[in-house]
């Protein structure tokens, strides 16, 4: 019930902000019109271009760190037959599974 009330309060708050942004005049213009005019200035466009350039640099740096030159152009490796015969990380012994379940139950009861 509390979750529904929080959701409704959040939705009402959002609607008020949207209404204010597009309807209430702050001087000669609404908040939206002020923001649109500010975004159209050469300084704002320069800021946007600088941000885009920096994001592109970061993306390229991440790509070069993740993909080595030897890996470029190759398809992602698929699991081989040899790896299927080895136990995966999800194979857990019964004792470990029981210990994990006990830990989860004990943490759940603390809340």
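Every number here is computed from the coordinates shown, using simple stated rules; none is lab data. Just so it is clear, the structure is predicted and the values come from calculations on it, not from any experiment.
The gain in end-to-end length when the residue 1 to residue 33 segment is fully stretched comes to 7.6 nm, 0.36 nm per residue minus the alpha carbon separation.
Length gain on complete extension for the stretch residue 13 to residue 55, per 0.36 nm per residue less the alpha carbon to alpha carbon distance? Display every interim value, and only then the final one.
Values: separation 42, 0.36 × 42 = 15.12 nm, distance 3.23 nm.
Length gained, residue 13 through residue 55: 11.9 nm.
Using only Cα coordinates, the Kirkwood hydrodynamic radius of the stretch 25-71 works out to 13.4 Å.
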